[in-house]
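Visitor: One structure coming up, written as structure tokens, with questions to follow.
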Amino acid sequence: MNAGQVVESEALEAALSYHFASRELLARAFTHRSSIHEKTSSAAATDNEQLEFLGDAILGFLVSDALVALHPDYPEGRLSKLKAQLVSASHLHRVAARLRLGDYLLLGRGEEMSGGREKKALLANAVEALIAALYVDGGIEPARRFILQHVIGEAEPSSEAELAADYKSALQELAQSRKLPQPRYAIVEEHGPEHAKTFLVEVRVGRDWVSRAEGLSKKSAGQKAAQEVLRRLEESATAP
């Protein structure tokens, strides 16, 4: 890294609350193969692709471990959906954007000119490579702290609401795991002009679990109704 990049890496380390023993490892985490190929045709594999591979595995394991700890009552299907969202390229791209990881990428001229610093795939890969670099440099705990804070935690307060937004699927899975009847939905009422209708939808799980909710579409009303029954079912599982 040149002198300017050392200063930038120190700013990143401050944001991560972690100091790298190996600055070369940190540089490698942000080195795209395009920059290697433009420098020499016989360079050793010093780009970040192997770190991406390792980081992907570490990310999957630590996200799974955290979700099981955070949501011990969730069925496997719901945990899988949460995990899939958290490790998705779209979500990792948002993580990278918050940390401004694009500023640290080492790119070849062609990749730079084509807007590589803004590309979703490159930024998502950089997050995975950074996780691997944290693991190689400091062990599992720095990687775990990064994932809990930046991938799962408070860095995106709305993530839980966004990730758990498919309440109808979650309710179906919970009903199945509790050996309850499958949810049944019915449109109770619709009113308003054709271009701005409001729908009232009811969901029933057996005879005891019923909820109604309004929405600007049948889908949104059904999701809201399912969310309420899901909340009550989950509360009943933890009640004394």
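Visitor: Taking the options Ala175, Ala237, Ala226, name whichever one is under 26 Å from His71 (Cβ atoms) and out of contact with any Phe, Trp or Tyr (no Cβ under 9 Å at 6 or more places or on another chain).
Guide: Numbers: Ala175 fails: out of contact with any Phe, Trp or Tyr (no Cβ under 9 Å at 6 or more places or on another chain); Ala226 fails: out of contact with any Phe, Trp or Tyr (no Cβ under 9 Å at 6 or more places or on another chain).
From the options Ala175, Ala237, Ala226, the qualifying one is Ala237.
Visitor: Taking the criterion of being of a type in the set (Lys, Arg) and touching a strand residue (DSSP E or B) at 6+ places or on another chain (Cβ under 6 Å), would at least one residue in segment 202-210 satisfy it? If you could, list the steps in order and put the result at the bottom.
Guide: In the first step, residues of segment 202-210 are kept if they are of a type in the set (Lys, Arg); the result is 204, 207.
Narrowing further to those that are touching a strand residue (DSSP E or B) at 6+ places or on another chain (Cβ under 6 Å): 204.
Yes, because at least one residue in segment 202-210 is of a type in the set (Lys, Arg) and touching a strand residue (DSSP E or B) at 6+ places or on another chain (Cβ under 6 Å).
Visitor: Would you check if there is a residue in segment 58-81 being closer than 30 Å to Arg231 by Cα, among the aromatic types (Phe, Trp, Tyr), buried (at least 22 other Cβ atoms within 10 Å of the Cβ) and assigned by TED's automatic domain parsing to the domain that holds Ser34? Don't jump to the end; show me each part of the working.
Guide: Of segment 58-81, the ones closer than 30 Å to Arg231 by Cα are 59-81.
Keeping just the survivors that are among the aromatic types (Phe, Trp, Tyr) gives 61, 74.
From the residues that got through so far, the ones that are buried (at least 22 other Cβ atoms within 10 Å of the Cβ) too are none.
Looking through segment 58-81, none of the residues is closer than 30 Å to Arg231 by Cα, among the aromatic types (Phe, Trp, Tyr), buried (at least 22 other Cβ atoms within 10 Å of the Cβ) and assigned by TED's automatic domain parsing to the domain that holds Ser34.
Visitor: Find the residue count for segment 91-106, including only residues that are more than 17 Å from the chain's Cα centre (by Cα) and within 20 Å of Phe53 (Cβ to Cβ).
Guide: The number of residues fulfilling the criteria is 3.
Visitor: Mind checking which strands (runs of 3 or more DSSP E) fall wholly inside segment 171-240 and carry at least 3 residues that are buried (at least 16 other Cβ atoms within 10 Å of the Cβ)?
Guide: Result: 198-205, 209-215.
Visitor: Residues Ala132, Ala126, Ala97: which one is surrounded by fewer than 18 Cβ atoms within 10 Å (Cβ to Cβ) and hydrophobic (A, V, I, L, M, F, W, C)?
Guide: Numbers: Ala132 fails: surrounded by fewer than 18 Cβ atoms within 10 Å (Cβ to Cβ); Ala126 fails: surrounded by fewer than 18 Cβ atoms within 10 Å (Cβ to Cβ).
The match here is Ala97.
Visitor: Determine, yes or no, whether Gly110 is surrounded by fewer than 18 Cβ atoms within 10 Å (Cβ to Cβ), modelled with pLDDT under 85 and under 30 Å from Ser22 (Cα atoms).
Guide: Details: surrounded by fewer than 18 Cβ atoms within 10 Å (Cβ to Cβ): yes; modelled with pLDDT under 85: yes; under 30 Å from Ser22 (Cα atoms): yes.
Spelling it out, Gly110 is indeed surrounded by fewer than 18 Cβ atoms within 10 Å (Cβ to Cβ), modelled with pLDDT under 85 and under 30 Å from Ser22 (Cα atoms).
Visitor: What's the number of the condition Leu70 fails, among (1) farther than 30 Å from Glu235 by Cβ; (2) out of contact with any strand residue (DSSP E or B) (no Cβ under 6 Å at 6 or more places or on another chain); (3) not β-branched (Val, Ile, Thr)?
Guide: The failed condition is (1).
The values are calculated or read from the model by the stated rules, or taken from the named source; none is laboratory data. Predicted model only: the values in this text are computed from it and were never measured. Glycine gets a Cβ as well: all are built from the backbone with ideal geometry, and neighbour counts include every protein chain shown.
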